[in-house]
1. Please report the relative contact order for the chain, taking Cα pairs under 8 Å with a sequence separation of at least 6, and give it as a percent rounded to a whole number.
2. Restricting attention to segment 6-54, which GluC sites (Glu not before Pro) occupy a DSSP loop and are surrounded by at most 13 other Cβ atoms within 10 Å?
3. Give me the number: length gained by fully extending VAL19 to LEU34, i.e. 0.36 nm times residue separation minus the C-alpha to C-alpha distance, one decimal in nm.
4. Where does the charge balance sit around LEU24 when Lys and Arg score +1, Asp and Glu -1, over other residues with C-beta under 12 Å from its C-beta?
5. For a quick check of your reading of the filter: which trypsin sites (Lys or Arg not before Pro) in segment 1-53 sit in a DSSP loop and have no more than 14 other Cβ atoms within 10 Å?
6. With Rg/Rh (Cα atoms, Kirkwood Rh) in mind, check (i) 1.22; (ii) 0.96; (iii) 1.30 and report the label derived from this structure.
7. In whole Hz, what ³J(HN,Hα) sequence does segment 63-73 give by Karplus (6.51, -1.76, 1.60; θ = phi - 60°), x for Gly and Pro?
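Please treat every number below as a calculation from the coordinates, not as lab data. Please read these numbers as outputs of a predicted model, since none were measured by experiment. As a convention, Cβ positions derive from the backbone with ideal geometry for all residues, glycine included, and neighbour counts pool all protein chains shown.
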Amino acid sequence: MTTTVQKWGNSQGIRIPKVLLEELNWSDNEQLILNADKDKLVIERAKPHKNIKELFADFDGDYKPIDINWGKPAGKEIW
């Protein structure tokens, strides 16, 4: 299957045929990662970002919040 690089505004783009999207189970607005490998373009689905609860779901340590003195404001920060 071939496609053509086409100008889209100030960028270039390619169209992915529907049959490939269905085979990959990709949908509109899918987050993708693009990588160059010598003369190849590698496109893969981005893994969804985890939220803070998911990131620490397996944490079994003892967490104790502490206050940190960051010093006086240096600019126009609002405290």
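1. 12
2. Values: sites: GLU22, GLU23, GLU30, GLU44, GLU54; in loops: GLU30.
Those that pass, being in a loop and sparsely packed, are GLU30.
3. 3.4 nm
4. On the way: positive: LYS18, ARG45; negative: GLU22, GLU23, GLU30, GLU44.
Net charge around LEU24: -2.
5. ARG15, LYS38, LYS50
6. (i)
7. 9, 10, x, 10, 8, 10, 8, 8, x, 6, x
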